[in-house]
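Working notes for the structure below.
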Protein chains: 2
Amino acid sequence: MSKFKEKSLDLHKANLGKLDIIPNVRLKTREDLSLAYTPGVSYPCLEIQKNKEKAYEYTIKGKTVAIITDGSAVLGLGNIGPEASLPVMEGKSALLYSFSGIQAIPLALATQEPEEIIKTAKLISPNYSAIMLEDISAPNCVEIEKRLQKELDIPIFHDDQHGTAIVVSAALLNALKVVKKDIKSIKVVVSGLGAAGSAIIKLLTKLGVKEIYGYDILGIVNNKKYHKYNSVVKNLIDNNYLLLAKDEKNLTDLIKNKDVFIGVSAKNILTSEMVKGMKENSIIFAMANPDPEIKPELAKKAGAKIVGTGRSDYPNQINNVLVFPGLMKAVIENRIKTITDEIKIITAKAIAKLVKDEELSEDFILPDIFDKRVVKSIVNAIKKKA
Amino acid sequence: MSKFKEKSLDLHKANLGKLDIIPNVRLKTREDLSLAYTPGVSYPCLEIQKNKEKAYEYTIKGKTVAIITDGSAVLGLGNIGPEASLPVMEGKSALLYSFSGIQAIPLALATQEPEEIIKTAKLISPNYSAIMLEDISAPNCVEIEKRLQKELDIPIFHDDQHGTAIVVSAALLNALKVVKKDIKSIKVVVSGLGAAGSAIIKLLTKLGVKEIYGYDILGIVNNKKYHKYNSVVKNLIDNNYLLLAKDEKNLTDLIKNKDVFIGVSAKNILTSEMVKGMKENSIIFAMANPDPEIKPELAKKAGAKIVGTGRSDYPNQINNVLVFPGLMKAVIENRIKTITDEIKIITAKAIAKLVKDEELSEDFILPDIFDKRVVKSIVNAIKKKA
């Protein structure tokens, strides 16, 4: 066993997982018991019975998020089921708390049926002030999120979609400043049209991007393949979020003269040849994990001006952890019921503006993930709006 | 507002509820992140994917109980719904941890349909090593527990039923020692035939009691009312757990010449007159909360030898908190899949034997709820068996 593997397994074993659920009250005496349990506990119960909103004050609902998964699309591992996905969900909870102080409990469900996931999430919703959906495969995740947001009065957030879209937006806003291009005139290719890709395309459109082309496992998106796409891709086409390729036959054709390539797809699908065909001062976000669509050094050599990846060992790490801690803290503290596109854009801009103009460079377009100002900046920006 | 009420509300408000869900790992550096989250987290994920049982070692599943309620029968408060029941569930979790170190997360469900509760409990079960059902009204609770125990491979424990039955059994075993009566020859009346009453009747039968009569909101249980009873009471009659009254017309008639009265019903339904009609050296457990079926001083004056209640301000407090912390710890540590009648009896005897023969008296039949030996005694007794 490698030292790293051993260390990770030991860490997960030492305390049976990475979270603890422990009382913050003392229960040593009869008086303690009479306040925290019967008969004293009846007072908060009755207050909440009179007004459900009081649950936010007197119970863990006021500070707790559910992290719901079906284990169908776990990062880098695929469809590994609920039990095996738990370490990732606990990790997400631990990250959320460490960065923002917001608490979260994992809930890995023994079903991958969208209707069952929706039903379960609704039935358990009284306990939480928000629900994060996590590592649920597309297109189910899109439908599940939409339905839950419509049918529940707490915010629903699917990080794989919107966390990624927001951090990509922040990165792109700053990258465009560096290369001095106007967001309204750029041409973009997005590779990967699942949860992340579709959300990125929508949010970039809201931000003003006019021309986005798609590429996925079926190749370049054009009219002939319409019947083969799932509901998510059809929706992108129907609503003109995606433009259709015409005479282009492949990614090499499609990417010619484009300004931006955004990959949330698979390793090594982007070649030096393709990058060479892009417009001057091209921007490449190659975010496939752990191996990007193209190695940054190759992309740079082929002429890309700015390259970002999901990795911490290259410049420009584009990571959702910049987004969800601050965003969840802000929506919970302000009791925001729906995370609208406007809030997503506010969040992206709050992250982007932390890199000052004089600091901005091709190798520095986003704040460091440990930068303590990130959560504060997002919280303040959303609070101002709310 | 009374001082006590104010103190209770303040306690519940100070930290938004009585529980905290917090990481036990550090996430300050990139190395911390790489172990607890990506890429290191993939190792425990893959171990669990190969063998689901490993979730008990690498995740919170190994130490976490779900406390599931529908808020339909909350102690002393009735059907107050999921949100309002949360303070009680959090209190139960806090008690469990304080007494045994076992962690629990409340889950108050937005449904009171048994099929929906069963379905939800099954879908969330991958996250937990056991499920406690709490404050769910009868007869639903009985059916829900039975079905879940059959369909899941983790232990299901409904404290209102079995916690109460076990602690009453412990109390009765010791009370019979004091009055020197043989369990096989006593005649018992149980008042209240809901969750607690039905479980008490069944467990006392397993312990050797031969004659138990029932009384509830419809009066004394006899043949003429058969069609009016719910499935739980019918089941008690059909399987001869309950004997049917014949010529008796009311509780005064029924209780005549009986040895034991066990009340899990309503305040003041037992009168001095009735107690006077009981057999010599009678035993009365009047456990209605907060006001017992008869005031202990009245029962004593009318001739009862031993009186127990649920209250801490009288001798012989008969409280479930003597049971569930040790029992849950024992079944989790020994990976017991079903809490059988045998385990319940072992638990009752482990509690009873903590009061030594020379300490036993009419005012001391059970250990104090803060007695640290209780959990250990239960855990050791069950471990020996498992």
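Brief remarks on what is shown
- For region A:1-137, relative contact order (Cα pairs under 8 Å, six or more residues apart, normalised by length) works out to 28 percent.
- Distances between placed amide hydrogens fall under 5 Å for A:Ala138 paired with A:Ala195, all partners being 5 or more residues away or on another chain.
- Positive-pole candidate from B:Ile332, B:Ser125, B:Leu193, dipole of the protein assembly as shown, charges at beta carbon: B:Ile332
- Proximal aspartates and glutamates to A:Lys146, defined as alpha-carbon separation beneath 20 angstrom and excluding residues fewer than eight positions away on the same chain: A:Asp70, A:Glu113, A:Glu115, A:Glu116, A:Glu134, A:Asp135, A:Asp159, A:Asp160, A:Asp238, A:Asp341, A:Glu342
- The charge dipole of region B:44-185, taken about its Cα centre with unit charges on the Cβ atoms of Lys, Arg (+1), Asp and Glu (-1) only, comes to about 660 debye.
- Solvent-accessible ranking of A:Asp32, A:Asp253, largest area first, probe 1.4 Å: A:Asp253, A:Asp32
- Helix A:3-14 and the longest principal axis of the C-alpha atoms of chain A enclose an angle of approximately 30°.
- Once the Cα atoms are used to define both axes, helix A:114-124 deviates from the longest principal axis of chain A by about 40 degrees.
- For B:Arg26, label point 7 Å along C-beta direction: distances to other copies, nm: 2.9
- Links that overshoot a 25 Å alpha carbon limit, given the list A:Lys329/B:Lys54; B:Lys187/B:Lys353; B:Lys234/B:Lys301: A:Lys329/B:Lys54; B:Lys234/B:Lys301
- Solvent-accessible area of B:Lys228 with every protein chain in place, 1.4 Å probe, in Å² to the nearest 10: 120
- The accessible-area ordering, largest first, of the residues A:Met274, A:Met1 stands as A:Met1, A:Met274, per a 1.4 angstrom probe.
- Amide H contacts under 5 Å for A:Phe157: A:Ile131, A:Met132, A:Leu133, restricted to partners 5 or more places along the chain or on a different chain, H placed in the peptide plane at 1.01 Å from N.
- With θ taken as phi - 60° and the Karplus curve 6.51 cos²θ - 1.76 cosθ + 1.60 applied, the whole-hertz 3J(HN,Hα) list for region A:147-152 is 5, 4, 5, 6, 9, 10 Hz, x standing for glycine and proline.
- Label-point distances for B:Asp10 to the equivalent site in the other copies, using a point 7 angstrom along Cα→C-beta, read 4.7 nm when ranked shortest first.
- Furthest towards positive pole of dipole, A:Ile67, A:Leu107, A:Ser8, structure part region A:1-107, Cβ charges: A:Ser8
- Expected 222 nm ellipticity per residue - DSSP helices of 4 or more, -39500 (n - 2.57), all of chain B, to 500: -12500 deg cm²/dmol
- Crossing angle, helix B:373-385 versus chain B [Cα axis fit, 0-90 degrees, rounded to tens]: 80
- In order along region B:327-342, the Karplus-derived 3J(HN,Hα) couplings, from 6.51 cos²θ - 1.76 cosθ + 1.60 at θ = phi - 60°, round to 5, 5, 4, 5, 5, 6, 5, 9, 6, 6, 8, 9, 8, 6, 4, 4 Hz, and Gly and Pro are given as x.
- Loop-located trypsin sites (Lys or Arg not before Pro) in region A:338-371 (DSSP state not H, G, I, E or B) with no more than 16 neighbouring Cβ atoms inside 10 Å: A:Lys353, A:Lys356.
- Simple point charges give the picture: +1 on the Cβ of Lys and Arg, -1 on the Cβ of Asp and Glu, and for region B:128-254 a dipole about the Cα centre of about 640 debye.
- With label points set 7 Å from Cα along Cα→Cβ, the inter-copy distances at B:Leu243 are 9.1 nm, sorted shortest first.
- Cut-off 12 Å between beta-carbons: net charge of the residues surrounding B:Gln317, Lys and Arg +1, Asp and Glu -1: -2
- Backbone HN-Hα couplings from phi across region B:296-302 [Karplus 6.51/-1.76/1.60, Hz, Gly and Pro as x]: x, 5, 5, 4, 4, 4, 7
The values are calculated or read from the model by the stated rules, or taken from the named source; none is laboratory data. Given the structure is predicted, the values throughout are model-derived calculations rather than measurements. Positions of Cβ are backbone-derived with ideal geometry, glycine not excepted, and every protein chain shown enters the neighbour counts. Remember, those area values only see protein heavy atoms, side chains included, never the ligands or the DNA or RNA. Shrake-Rupley method; radii C 1.70, N 1.55, O 1.52, S 1.80 Å.
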